[in-house]
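Novice: Quick one: this structure, given as structure tokens, is what I'll be asking you about.
The values are calculated or read from the model by the stated rules, or taken from the named source; none is laboratory data. The structure presented is a predicted model; accordingly, all values stated were derived computationally and were not measured. Here the Cβ positions follow ideal geometry from the backbone for every residue, glycine too, while neighbour counts run over all protein chains shown.
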Amino acid sequence: MTLTLPGVDVLPPVTGRQRALSQWWTPPELAARVAHLAVDGTRFESVLEPAAGAGALVDAVLAARPMARVTALELDPTWVRHLTVAYVREPVRVIEGDFLTTTLAPVDVVVMNPPYENGLDGAFLERAMELAPRVVALLRLNALVGQERHERVWSRIGRGWHLDVVAYLARRPVFLAAGEATDGAKSDFVVVRLTQGKRTRKTRTEWWT
């Protein structure tokens, strides 16, 4: 089954490099829900997507908040070129670079589907929390546990940060690769919203079907 992403006509075949970079595009319907959670209840103007890929989350943010100033960061030059063309008429700044090493200005919110291998999800969350007071991320469920992730991220909860929303995905996502649906994720997933500042309410738990 072939699926299309907004602004993408033909995705090139999956390569070893794409697999190594964990390039599995977020399904548009899921991207829309993640983006809504990111901007809901705010007047945020600046948004960073640090693993932009083919732009599913960028498109979703623009649909939810058309006047947002979006920065799309991507490591792979192939997709940097695609994003540059796709957003030539949109308020999107496209940057080629590694999120963990690229110098970036602070933003209002970071929204992402980060790479998961080798603990990169924890590293991306930690970096995002340095750049924005709100972070929304699609994560494998096991990203909520583990000593390294605890030291990088979860130990901050209750100490200047709070876990505002946790949304459990009732079904494992069917990510996209080369424009085709994969066999589906091998792990369970969750979407989290982390907010900096004084906690004003209990963590909201949702189940997304």
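Novice: Please return the ranges of strands (runs of 3 or more DSSP E) entirely within the stretch 92-209 where 3 or more residues are within 14 Å of the chain's Cα centre (by Cα).
Specialist: Those strands (runs of 3 or more DSSP E) span 109-112, 134-140, 189-196.
Novice: Okay, moving on. Which numbered condition in (1) closer than 21 Å to Val165 by Cα; (2) buried (at least 19 other Cβ atoms within 10 Å of the Cβ); (3) modelled with pLDDT of 95 or more; (4) in contact with a helix residue (DSSP H, G or I) (Cβ under 7 Å, 6 or more places away or on another chain) is the only one that Arg65 fails?
Specialist: The one condition Arg65 does not meet is (3).
Novice: When you check Arg89 against the structure, is it under 30 Å from Lys202 (Cα atoms) and either surrounded by 14 or more Cβ atoms within 10 Å (Cβ to Cβ) or of a type outside the set (A, V, I, L, M) (or both), yes or no?
Specialist: Spelling it out, it is not the case that Arg89 is under 30 Å from Lys202 (Cα atoms) and either surrounded by 14 or more Cβ atoms within 10 Å (Cβ to Cβ) or of a type outside the set (A, V, I, L, M) (or both).
Novice: Exactly one condition in (1) closer than 24 Å to Gly41 by Cα; (2) at pLDDT below 90; (3) among the hydrophobic types (A, V, I, L, M, F, W, C) is false for Val174; which is it?
Specialist: Every condition holds for Val174 apart from (1).
Novice: Further question: Looking only at residues that are under 18 Å from Ala31 (Cβ atoms) and assigned to a loop (DSSP other than H, G, I, E, B) in the stretch 67-90, which one is nearest to the chain's Cα centre (by Cα)?
Specialist: Keep residues of the stretch 67-90 that are under 18 Å from Ala31 (Cβ atoms), which gives 68, 70-74, 79, 82-83, 86-87, 90.
Those still in the list that are assigned to a loop (DSSP other than H, G, I, E, B) too: 68, 87, 90.
Working: Ala68: 16, Tyr87: 18, Glu90: 19 Å.
In this case the residue turns out to be Ala68.
Novice: In addition: Given the structure, is Arg43 modelled with pLDDT under 90, part of a helix (DSSP H, G or I) and basic (Lys, Arg)?
Specialist: No; evaluated as a whole, the condition is false for this residue.
One line per residue, one yes/no per condition, for (1) touching a Lys or Arg at 6+ places or on another chain (Cβ under 9 Å); (2) of a type outside the set (A, V, I, L, M); (3) touching a residue at least 12 places away in the same chain (Cβ under 8 Å):
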residue: Tyr116; (1), (2), (3): yes, yes, yes
residue: Leu131; (1), (2), (3): no, no, yes
residue: Leu139; (1), (2), (3): no, no, yes
residue: Val145; (1), (2), (3): no, no, no
residue: Glu148; (1), (2), (3): no, yes, yes
residue: Arg156; (1), (2), (3): no, yes, yes
residue: Val165; (1), (2), (3): yes, no, yes
residue: Asp188; (1), (2), (3): yes, yes, yes
residue: Arg204; (1), (2), (3): yes, yes, yes
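Novice: Hey, another quick one. Say whether the condition of being in a helix (DSSP H, G or I) and modelled with pLDDT under 90 is met by at least one residue in the stretch 8-16.
Specialist: Yes, that holds for at least one residue.
Novice: Restricting to the stretch 112-148, give me the number of residues that are modelled with pLDDT of 95 or more and touching a Gly at 6+ places or on another chain (Cβ under 7 Å).
Specialist: 1
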